[in-house]
Amino acid sequence: LTFRNRVGIAAGFDKNATALAGTERLGLGFVEVGTILAEPWGGNAVARRVRRLPARLGIWNRLGFPSDGLAQIQPRLEAFSAQQRRGGGTGMVMALNIGPHPGNLMSAANPQSAWEIAVRELTHLVRALHGVADLFVVNLSSPNTRGLRAFLQHEQLASGLFWPLRQELQALDVRASRKAATRLLLKLPPEDADKRPWTQESLSSLVEPLLDQGGCDGFVAVNSSTRLAAEAGEDAGGISGAPLLPIALETIVRLKAITGDRCLLIGCGGITGPNDAVEFVEAGADLVEIYSGLIYRGPMLVRQCALALKGSREQFHPSLGLG
Ligand SMILES: Cc1cc2nc3c(=O)[nH]c(=O)nc-3n(C[C@H](O)[C@H](O)[C@H](O)COP(=O)(O)O)c2cc1C
């Protein structure tokens, strides 16, 4: 799996695969499309769902996974992928961020049936989208879907979700004669289920079982923060952008200490300039992603970060290539 540079766009920017031709031209190394849901969903039915915090270079949102759904998104991804193949396949690596449908989770009779719905939908999404994905990111860390982050504590997270998904992907890779294995990553929140900052212990108890059983190839750290939203007086939603940077960097440092070279780490949260991107790689990230920074700094941020990271080639994860 070869990246033309280390900079990607984080999930939520192109939720429905409608902006791929444009993001491709920004020169990104990769894009994380989604969160893609199995069926359409309007998101949280509230009036105020997203707001800029310009003084802090932050964004507050409680969108709650609006998605056009698999049936509409899949053909867009297939058309883009065919177009890339015709052009020689030198473009962006495609990461697909998938999540369980909030409406279906809410209608579940109890937490166990909600879990079963999540496993069923994620498996369905992986099967349907394998042909157009270089890697999948499972999103169980959105702050805006009630009960979602609790799945991270589920005793069957590794054995009942990640390991079966990994086996599914292996079989699909063989059937499709894939040269590079399709990677499976988990997107992490910047805090635990009680909104407490991660400790080495709490992070390790989440991450280790996933790596021990070989179900997970790495982590995207981090999603937006409910703790920062609560501190800002918001009773819901999450905050991204500059206020998240120190928390995201600390999470990457902790993850690197726990995982070493055993997995791929994608650093995300609060990159508003090239130095922030360099800090992530120095902290142990193989790749970086941006979202809120693009809103404040504009599209040139991609190129600035990619150039700043050009010299750090030797720190790249051994299983990946830089083109
Ligand atoms: C408006 C908005 C929508 C988002 N939607 C998603 C999403 O659908 N799935 C997801 O995993 N993360 C989503 N995120 C989180 C971002 O992918 C990213 O983790 C977070 O914004 C931190 O990065 P940043 O500080 O560079 O924005 C969203 C963020 C924002 C601001």
For residues that are surrounded by fewer than 22 Cβ atoms within 10 Å (Cβ to Cβ), within 18 Å of the chain's Cα centre (by Cα) and in a helix (DSSP H, G or I), tally how many sit in segment 282-299. 1
Would you please name the residue that is nearest to the chain's Cα centre (by Cα), looking only at residues in segment 95-110 that are assigned to a helix (DSSP H, G or I) and either surrounded by 13 or more Cβ atoms within 10 Å (Cβ to Cβ) or modelled with pLDDT of 95 or more (or both)? PRO102
The number of residues in segment 177-202 that are within 16 Å of the ligand (Cβ to nearest atom) and closer than 16 Å to SER142 by Cβ is 7
Of GLY91, GLY43, which residue is within 21 Å of the chain's Cα centre (by Cα) and more than 24 Å from THR226 (Cα to Cα)? GLY91
Hits in segment 1-42 (condition: under 11 Å from MET94 (Cβ atoms), of a type in the set (A, V, I, L, M) and surrounded by fewer than 18 Cβ atoms within 10 Å (Cβ to Cβ)): LEU1
Give the residues of segment 146-193 that are over 23 Å from LEU255 (Cβ atoms), part of a loop (DSSP other than H, G, I, E, B) and not aliphatic (A, V, I, L, M), sorted by residue number. ARG146, GLY147, SER177, ARG178, LYS179
Report, by residue number, each residue of segment 203-241 that is within 22 Å of LEU157 (Cα to Cα), in a loop (DSSP other than H, G, I, E, B) and within 12 Å of the ligand (Cβ to nearest atom). VAL222, ASN223, SER224
Any idea which of GLY233, GLY214, GLY237, GLY270 is on the phi > 0 side of the Ramachandran plot and modelled with pLDDT of 95 or more? GLY270
For VAL302, state whether it is closer than 19 Å to GLU32 by Cα, crowded, with 20+ Cβ neighbours inside 10 Å, β-branched (Val, Ile, Thr) and within 14 Å of the ligand (Cβ to nearest atom). yes
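Per-residue answers, yes or no, for (1) surrounded by fewer than 18 Cβ atoms within 10 Å (Cβ to Cβ); (2) out of contact with any Asp or Glu (no Cβ under 8 Å at 6 or more places or on another chain):
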{"position": "VAL222", "(1), (2)": "no, yes"}
{"position": "ARG227", "(1), (2)": "no, no"}
{"position": "SER240", "(1), (2)": "no, yes"}
{"position": "CYS263", "(1), (2)": "no, no"}
{"position": "GLU279", "(1), (2)": "no, yes"}
{"position": "GLY311", "(1), (2)": "yes, yes"}
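The values are calculated or read from the model by the stated rules, or taken from the named source; none is laboratory data. If you're wondering where the values come from, they're calculated on a predicted model, not measured in any experiment. Ideal geometry is used to build each Cβ from the backbone, glycine not excepted, and the neighbour counts take in all protein chains shown.
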